[in-house]
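Only the coordinates and a few stated rules stand behind these numbers; no lab work does. Note that the structure is a prediction, hence the values are computed from the model and not measured. With ideal geometry, Cβ positions are generated from the backbone for all residues, glycine too; neighbour counts draw on all protein chains shown.
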Amino acid sequence: MTQDEIIEMARQAGLPEAIIEMTPIAFERFAKLVAEKEREAWSKVCEDIRKVFNEKADLAYIAGQKEEREACAAICDELHKARVGKDNYFAFAANAIRELRAKQ
């Protein structure tokens, strides 16, 4: 922000012209302090948003894993049905996948 912009804002705020002309450097310092506080506040807001986003992304990832595992278990179920009377490996695999899914 330039000194001219700061002076213009002081005028818009209704400060007397005599004060503005006497202390433009003080206004510049004040404006820098205000801008710094605003950046700090926005930085905190951005950090909070990032935390929430990461938490939501983690939950979505876990939900996706669970859906994928259930889809794999369903395929094992179908393969098991096709092999009725034969080895029970597919039923074992389906159960193992669902047990893993339940633990999460």
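Once the Cα gyration tensor of the chain is found, what semi-axes does its equivalent ellipsoid get, as square roots of 5 times the eigenvalues, in whole Å, sorted largest first?
Computed over the chain, the values are 71, 10, 7 Å.
Would you calculate the separation in nanometres between label points at A102 and K32, each defined as 7 Å from the Cα along the Cα-to-beta-carbon direction?
The two pseudo-label positions are separated by 6.5 nm.
Gaussian network model of the chain, Cα springs within a sub-10 Å range: biggest mean-square fluctuation belongs to which of A41, A74, A13?
A13
Which value in deg cm²/dmol, rounded to the nearest 500, describes the helix-derived mean residue ellipticity at 222 nm for the chain, given -39,500 (n - 2.57) per DSSP H run of n ≥ 4 and division by the residue count?
Rounded to the nearest 500, it is -30500 deg cm²/dmol.
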